[in-house]
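The values are calculated or read from the model by the stated rules, or taken from the named source; none is laboratory data. All figures in this text were calculated on a predicted structure; none of them were measured in a lab. Please note: Cβ atoms are built from the backbone with ideal geometry, for glycine as well, and neighbour counts cover all protein chains shown. For the accessible areas, the whole protein counts, side chains as well, though only heavy atoms, and no ligand, DNA or RNA atoms are used. Shrake-Rupley method; radii C 1.70, N 1.55, O 1.52, S 1.80 Å.
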Amino acid sequence: MKIVLIGYMGSGKSTIGKLLSQKRNLEFIDLDDYIGQAEKMSVSDIFKNKGELYFRKKEYEYLNEVLAQNDNFILSTGGGTPCYGNNMQAMLEKTENTFYLKVSIPQLAKRLLKEKDERPLVRNIPEEELPEFIGKHLFERSYFYNQANKVISCDGKDPQEIVTEMESILI
């Protein structure tokens with residue numbers, strides 16, 4: 001079974017993916033970690049040293065490598081992954097279990113404020129501007145996110161509730 005999790009940064013893809021992988025006894029793969037290991041440098045270092053274009057090409061390459069080589073896994077993608085190249089199409093062709101973890105702008109802002117230092121994309125954005133920044137990004141990305149086979153609204157739910165909901169609709 002192949003399960004792919006997409007959504008904005010801070011939507012809980014890694015947390016949910018790890019919980020679901022334990023429950024289902026499936027390998028958990030974080031695409032950013034996979035890229036970092038393959039490239040022998042962190043994603044933020046790839047962005048800094050080689051640029052976003054290089055990263056997006058490698059992201060597409062490694063996404064397709066994971067989708068082709070593995071049969072049973074849960075894959076957590078980066079927030080931008082579905083929006084570049086043919087990444088979303090590749091995911092939809094390889095599994096009917098692509099989940100968009102949908103979180104509201106206020107909830108995302110609240111979550112991301114707690115981890116701003118670990119998030120290069122929002123690190124330098126003033127707190128009062130964060131909701132507008134997230135809203136603009138979500139507007140741009142929602143076309144791709146909403147192509148997922150399944151949309152899970154995550155507001156007001158703890159991770160275990162989300163996992164239970166996902167399990168009830170897995171194909």
(request) Averaging sequence separations of C-alpha pairs under 8 Å and six or more residues apart, then dividing by the length of region 2-130, give the relative contact order as a whole percent. (result) 41 percent
(request) Rank by packing, highest mean first: peptides 109-117, 79-87, with packing defined as the count of other Cβ atoms within 10 Å averaged across residues. (result) 79-87, 109-117
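If each residue of separation counts as 0.36 nm, what is the full-extension length gain between Ile169 and Asn49 once their alpha-carbon separation is subtracted?
On the way: separation 120, 0.36 × 120 = 43.20 nm, distance 4.15 nm.
Additional length available on full extension: 39.0 nm.
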(message) On a 1.4 Å probe surface of the protein chains, which of Met9, Met1 comes out largest in accessible area, and what is the full order?
(response) Met1, Met9
(request) In Å³ and rounded to a whole number, note down the convex hull volume per residue for the Cα atoms of region 84-171. (result) 111 Å³
(request) Give the whole-number value, in cubic angstrom per residue, of the convex hull volume spanned by the C-alpha atoms of region 68-109. (result) 92 Å³
(request) For Lys2, tell me the accessible area in Å² from a 1.4 Å probe, rounded to the nearest 10. (result) 30 Å²
